[in-house]
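A.B. asks: Please see the structure below; I have some questions.
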Amino acid sequence: MNQWSKQVQDFTYQRTRQWRQQGKLVGLVGGEHSIPLGAIGALAEEFPGLGVLQIDAHADLRPAYEGFQQSHASIMHNVLEQVPISQLVQVGVRDLCELEYERATHDPRITTHYDAVLQERLLHGESWHELCKEIIGALPQHVYCSFDIDGLDPGLCPATGTPVPGGLSFAQANLLLKTLVQSGRK
């Protein structure tokens, strides 16, 4: 499995470079969450200091999942280990293991906005707009956006394979992305 994943990584890397050389905006839609590694690598070469905005129920910081190093649960670990990004900003995380928590806490490139903390701040009267500005403010000028469907409330996407209670509403996700665009980041 790891060998096949390497082939997919190489393919997405080459195709992303090819499309970027033609001036195209590249996005990957659907499929398994570990697939973007090659694309993020190609974009990080083009945009030194690239940041990643990750909307996700899971931290995806495991070195491997059930022996599979290129798994969906390892994508951000692999990005941090293999791609020269400057910042990973995670939003909506609510399911992670102790190892992932330790990594998120001690790696200065990672800022994790846990869903429970965001919800508590909202309940104490902070506005989602202000929270979005804070979240986006931690990102550099060039950003790759990774949006896992399970980052949303599972009531909006009940067929996801990894539902976790909590998550962003559709309106919250829209405002977060709108805030990213309005910030002038690319």
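A.B. asks: Pull out all pairs, ordered by first then second residue, where Cβ-Cβ is under 7 Å, the residues are six or more apart or on different chains, the first lies in the stretch 160-176 and is closer than 12 Å to residue 132 by Cα, and the second is in a helix (DSSP H, G or I) and open to solvent by 70 Å² or more (accessible area, probe 1.4 Å).
C.D. replies: Partner pairs satisfying both residue conditions: 175/129.
A.B. asks: Out of the residues in the stretch 99-142 that are hydrophobic (A, V, I, L, M, F, W, C) and touching a Ser or Thr at 6+ places or on another chain (Cβ under 7 Å), state the one that is nearest to residue 176 (Cα to Cα). Write out each step before concluding.
C.D. replies: Restricting attention to the stretch 99-142, the residues satisfying the condition of being hydrophobic (A, V, I, L, M, F, W, C) are 99, 104, 110, 116-118, 122-123, 128, 131-132, 135-136, 138-139.
Cutting the leftovers down to touching a Ser or Thr at 6+ places or on another chain (Cβ under 7 Å) gives us 104, 132, 136, 138.
Values: 104: 21, 132: 5, 136: 8, 138: 13 Å.
The extreme case among them is 132.
A.B. asks: Then there's this: How many residues are within 16 Å of residue 8 (Cβ to Cβ), modelled with pLDDT of 90 or more and in contact with a strand residue (DSSP E or B) (Cβ under 8 Å, 6 or more places away or on another chain) when one looks only at the stretch 69-83?
C.D. replies: Number satisfying all stated conditions: 3.
A.B. asks: Turning to a different aspect of this structure: Determine which single condition residue 182 fails, assuming it passes every other condition in (1) open to solvent by 30 Å² or more (accessible area, probe 1.4 Å); (2) more than 19 Å from residue 119 (Cβ to Cβ); (3) within 17 Å of the chain's Cα centre (by Cα).
C.D. replies: If we test residue 182 against (1) open to solvent by 30 Å² or more (accessible area, probe 1.4 Å); (2) more than 19 Å from residue 119 (Cβ to Cβ); (3) within 17 Å of the chain's Cα centre (by Cα), just (3) comes out false.
The values are calculated or read from the model by the stated rules, or taken from the named source; none is laboratory data. Just so it is clear, the structure is predicted and the values come from calculations on it, not from any experiment. Reconstructed Cβ throughout: ideal geometry from the backbone, glycine too, with neighbour counts over all protein chains shown. The protein model used for the area step is the full one, side chains on, heavy atoms only, and it has no ligands, DNA or RNA in it. Shrake-Rupley method; radii C 1.70, N 1.55, O 1.52, S 1.80 Å.
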